[in-house]
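*Asks:* Handing you this structure, nothing more for now.
The values are calculated or read from the model by the stated rules, or taken from the named source; none is laboratory data. Quick caveat, the model's predicted, so the values are computed rather than measured. Note that each Cβ is placed from the backbone with ideal geometry, even for glycine, and that neighbours are counted across all protein chains shown.
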């Protein structure tokens, strides 16, 4: 162990490693991290009230559980996404229809659109 | 390292060509959300990057681990932590966006504490980083209240029959951090540095589902 450092350092393993390495992954896919970051940024700026978001998340989870008594296919981050969209729409920050339209545009992009950099993936 | 927070991350596909009509994935929906909010000036990509890094890499369980290690070494600090954790946190300036109180509960030979959020996933992010997947699982959230001893045993933590188990349900107002007991084999605490001791304090120990010193 070296001398204490000014900033906590990311451990790659061991008891003090971040949640994604300490046992199991806290986040399974990149979008979940981005969604979390977007939400925190909105709460921090005051655009979204944290407690209002939290209540919406509770409601979304409860609704899902009521509709899926067997519990199969549950995704916490799906509920988070639904909660954030609902809160944003209610606050007139964005409407879900616009969001859905843009997401559909993104879905229609050619596969590999994000791999167009000349330094990437020369193997075919 | 797995880049679970990659900026502007997108879905990859083995297929080629445009695929009209394919429903957007969660990732595409999140990308669209971020794009619209940036465009409208509600957030910036840099701020999102910074917060994500803050909550995972800068904080993570390291803050909680060091708090516990310090409490092991310093009885006066421990007492302040147990009576007014908010004040201790304020001194650390961990930059929480949360407005609720943090309460620290101490494990002893007589009492074992474990934390849950039965309603959703309230969690002391500012000291523990992001919650583990099982913390959000409906089965954990319901069973740990009904049969804590059995659930803890399933998670590898056998609590003596003579030890009382207290389950703390997080709420909008209060979130909990368990102060675990030092491992039996740690020896003389004061022979160790705070960093060495912090290495023994895993996230699960601070939720109360594992003892300190174990993985």
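*Asks:* When the residues of the range A:69-87 are narrowed to those that are at the interface with chain B (Cβ under 8 Å from one of its Cβ atoms) and in contact (Cβ under 8 Å) with a residue 40 or more places away in the chain, which ends up nearest to residue B:138 (Cα to Cα)?
*Replies:* My answer is A:77.
*Asks:* Of (1) more than 13 Å from chain A (Cβ to nearest Cβ); (2) under 20 Å from residue B:123 (Cβ atoms); (3) in contact with a helix residue (DSSP H, G or I) (Cβ under 7 Å, 6 or more places away or on another chain), residue B:145 satisfies all except one. Which?
*Replies:* (3)
*Asks:* Mind listing whichever residues of the range B:158-180 are part of a loop (DSSP other than H, G, I, E, B) and over 18 Å from the mean Cα position of the chain (by Cα)? It would help to see each step written out before you state the result.
*Replies:* From the range B:158-180, those part of a loop (DSSP other than H, G, I, E, B) are B:158-163, B:170-173, B:180; that's our starting set.
Within the range B:158-180, B:158, B:159, B:160, B:161, B:162, B:163 meet the criteria.
*Asks:* Residue B:113 is checked against (1) modelled with pLDDT under 95; (2) more than 30 Å from residue A:34 (Cα to Cα) and fails just one. What number does that condition carry?
*Replies:* Of (1) modelled with pLDDT under 95; (2) more than 30 Å from residue A:34 (Cα to Cα), only one is false for residue B:113: (1).
*Asks:* Can you name the residue in the range B:185-195 that is closer than 12 Å to residue B:213 by Cβ and not in a loop (DSSP other than H, G, I, E, B) and is also nearest to the other protein chains (Cβ to nearest Cβ) among such residues?
*Replies:* Only one residue fits best here, namely B:186.
*Asks:* Working carefully through the options A:29, A:85, A:89, A:105, find the one that is surrounded by fewer than 19 Cβ atoms within 10 Å (Cβ to Cβ), within 18 Å of residue B:25 (Cα to Cα) and at pLDDT 85 or above. I'd like the intermediate steps shown before the answer.
*Replies:* Details: A:29 fails: at pLDDT 85 or above; A:85 fails: surrounded by fewer than 19 Cβ atoms within 10 Å (Cβ to Cβ); A:89 fails: within 18 Å of residue B:25 (Cα to Cα).
Going through A:29, A:85, A:89, A:105 in turn, the sole match is A:105.
*Asks:* Next up: Can you go through B:198, B:133 and tell me which one is surrounded by fewer than 20 Cβ atoms within 10 Å (Cβ to Cβ), within 13 Å of chain A (Cβ to nearest Cβ) and within 20 Å of the chain's Cα centre (by Cα)? Quick ask: steps written out before the conclusion?
*Replies:* On the way: B:198 fails: surrounded by fewer than 20 Cβ atoms within 10 Å (Cβ to Cβ).
Of B:198, B:133, the one residue that is surrounded by fewer than 20 Cβ atoms within 10 Å (Cβ to Cβ), within 13 Å of chain A (Cβ to nearest Cβ) and within 20 Å of the chain's Cα centre (by Cα) is B:133.
*Asks:* How many of the residues making up the range B:108-157 are under 22 Å from residue A:77 (Cα atoms) and in a helix (DSSP H, G or I)?
*Replies:* First pass over the range B:108-157, keeping only residues under 22 Å from residue A:77 (Cα atoms): B:115-144.
Going one step further and asking which of them are in a helix (DSSP H, G or I), we end up with B:125-128, B:133-136, B:138-144.
Count: 15.
*Asks:* Can residue B:210 be described as assigned to a loop (DSSP other than H, G, I, E, B) and either surrounded by fewer than 22 Cβ atoms within 10 Å (Cβ to Cβ) or in contact with a helix residue (DSSP H, G or I) (Cβ under 9 Å, 6 or more places away or on another chain) (or both)?
*Replies:* On the way: assigned to a loop (DSSP other than H, G, I, E, B): yes; either surrounded by fewer than 22 Cβ atoms within 10 Å (Cβ to Cβ) or in contact with a helix residue (DSSP H, G or I) (Cβ under 9 Å, 6 or more places away or on another chain) (or both): yes.
So residue B:210 passes the test.
*Asks:* Among the numbered criteria (1) at the interface with chain B (Cβ under 7 Å from one of its Cβ atoms); (2) modelled with pLDDT under 85; (3) under 15 Å from the mean Cα position of the chain (by Cα), which one does residue A:37 miss?
*Replies:* Among (1) at the interface with chain B (Cβ under 7 Å from one of its Cβ atoms); (2) modelled with pLDDT under 85; (3) under 15 Å from the mean Cα position of the chain (by Cα), residue A:37 violates only (2).
*Asks:* Just checking, does the range B:175-192 include any residue being more than 15 Å from residue B:67 (Cα to Cα), touching a strand residue (DSSP E or B) at 6+ places or on another chain (Cβ under 7 Å) and at pLDDT below 90?
*Replies:* Checking the range B:175-192: at least one residue is more than 15 Å from residue B:67 (Cα to Cα), touching a strand residue (DSSP E or B) at 6+ places or on another chain (Cβ under 7 Å) and at pLDDT below 90.
*Asks:* Are there any pairs, at least 6 apart or on different chains, whose C-beta atoms fall under 6 Å, with the first in the range A:46-60 and within 7 Å of chain B (Cβ to nearest Cβ) and more than 9 Å from residue A:87 (Cβ to Cβ) and the second assigned to a loop (DSSP other than H, G, I, E, B) and modelled with pLDDT of 85 or more, and if so, which?
*Replies:* A:47/B:42
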